[in-house]
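Throughout, read-outs are computed from the coordinates displayed, never taken from laboratory work. These numbers come from a predicted model, not from an experiment. Counting neighbours? That spans all protein chains shown, and the Cβs are built from the backbone with ideal geometry, glycine included.
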Amino acid sequence: MSQLKMGFRWFGSKDDNISLTQIRQIPGTKQVVGALFDVPVGEVWPQEKIDALKQEVTAAGLKLEVIESVNIHDDIKIGLPTRDRYIENYIQTIKNLAKAGIKVICYNFMPVFDWLRTDLHHQLADGSNAMMYEQAKLPKDPEALMAQMKSGSRGFSLPGWEPERLAALQDLFDAYQDVDEVKLLENCKYFLDAIIPVCEQYDVRMAMHPDDPPKPLFGLPRIYKNLADMQRIEKLHESRYNGFTICTGSLGENPANDLPAIIREFVPKDRVPFMHVRNIKFVNQQGDFHESAHPSSQGSLDMFEIMKALHDTNYDGYIRPDHGRNIWGEDGRPGYGLYDRALGITYLTGLWEALEKM
Ligand SMILES: [Mn+2]
């Protein structure tokens, strides 16, 4: 029986209220999906810090083979002359991670903002809370959005929302003024052409995460929203090391995205080293949604069909549950509480066992 390489995202002993011991007790979980959170975007990840994290995870009886994320400096995405220095740093980070046995790097190519939501603690009928996105509640002003995210996070740092980087928000927006989707793709190709030969040599696979939500916001371009975008990105640099994270929640936020079809196209091409599997629930015809528990019955996505597509295509990459709700009185980092993600793992491994035995 093929086992899922199931992982759990962890924000490190300094910044996560969930312990490695707790993670190890989630049935079927062997992998920690981690990162260094104290290295500024664009700088080299020091070998000794990577090794220390690896050692900490290994000592807890778990494996560290997937990093999420090594973020891309805005100068690379904008295409500034200074990008070469940041690409050199990125290459050194890849080499350092390879030395620690890292196999996959998850990253995204979203300008300015990482993922975003309009409510980080939307109250659900059962008394739990989850993140929500309502188009009408998205502030017109990006500064107001930042303030909204910050106050909603209740003191937790949010992945991809580095305060230092976002401090000069207007300057950042100005710098992206001439970057449209075509230009952003060109800049992505420039980056991939530089790093993928190194990834091949060091056996580290890149796994781009979809834009979340998968549509342009604040006039900023988005390059990974759907299957057609993926076909463009795979051709930017033909290599199994130029791969995707397929995040069912992010791509699923556009009801037109057929997730099993996307999986069935890209897994057989060996372009999917990493899966994020989570559910969302649409609340209206306009595509507003809140995040939900993982089971199909709790959201709008057919999780069985998603797992079946992975099973049918002999998926053997890494996988993790994604955002869950805050339940049972937990007040965790938005999307990253312990209980609902652990339930998600149990559900996903249950679906997988059934698929294996059918
Ligand atoms: Mn995701």
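Some observations on this one:
- For the set LYS49/LYS235; LYS14/LYS281; LYS137/LYS215, the pairs lying more than 24 angstrom apart at their alpha carbons are LYS49/LYS235; LYS14/LYS281.
- Dipole magnitude of region 4-145, debye to nearest 20 (Cβ charges: Lys/Arg +1, Asp/Glu -1, about Cα centre): 600 debye
- A Gaussian network model of the chain, with springs between Cα atoms under 10 Å, assigns the largest mean-square fluctuation among ASN17, ASN314, ASN284 to ASN284.
- Between SER239, MET275, SER250, the Cα set farthest toward the positive side of the dipole of region 191-278 (charges on each charged residue's Cβ, about the Cα centre) is that of SER250.
- Based on alpha-carbon atoms, the Kirkwood radius and the radius of gyration of region 262-314 give Rg/Rh equal to 1.05.
- The charge dipole of region 181-262, taken about its Cα centre with unit charges on the Cβ atoms of Lys, Arg (+1), Asp and Glu (-1) only, comes to about 120 debye.
- Partner aspartates and glutamates for LYS99 [C-alpha distance under 19 Å; skip if fewer than 8 residues away on the same chain]: GLU43, GLU48, ASP51, GLU56, GLU65, GLU68, GLU88, GLU200, ASP203
- Debye-sum result for the chain in log10 I(q)/I(0), which assumes one identical scatterer on each alpha carbon, at q = 0.08, 0.13, 0.14 Å⁻¹: -0.35, -1.04, -1.25
- Only Lys, Arg, Asp and Glu carry charge here, each on its Cβ (+1 for the first two, -1 for the last two); on that basis the chain has a dipole of about 740 debye about its Cα centre.
- Computed over region 133-212, Kirkwood Rh from alpha-carbon pairs, angstrom: 15.8 Å
- Peptides 133-141, 227-235, 105-113 ranked from most to least packed by the mean count of surrounding Cβ atoms within 10 Å: 105-113, 227-235, 133-141.
- Dipole of the chain, positive end: most advanced residue of GLN135, GLY28, MET6 [Cβ charges, Cα centre]: GLY28
- Potential lengthening between ARG85 and ASP312 on full extension [0.36 nm per residue; Cα-Cα distance subtracted]: 77.5 nm
- Once you reduce region 73-134 and region 166-235 to the center of their Cα atoms, the two points are 11 Å from each other.
- Of the DSSP H helices in the chain, those whose Cα atoms cover at least 20 Å axially and whose Kyte score averages 0.0 or more: 181-202
- In this rough spin-label picture, where each label sits 7 Å from Cα along the Cβ direction, the GLN135-VAL182 distance is 2.6 nm.
- Bins of 10 Å from zero: percent of alpha-carbon pairs in region 42-86: 23, 38, 24, 14, 2
- If R0 is 25 Å, the Cβ-Cβ spacing of THR21 and THR346 corresponds to a FRET efficiency of close to 0.90.
- Projecting label points 7 angstrom from Cα along Cα→Cβ for ARG240 and VAL283 puts them 4.4 nm apart.
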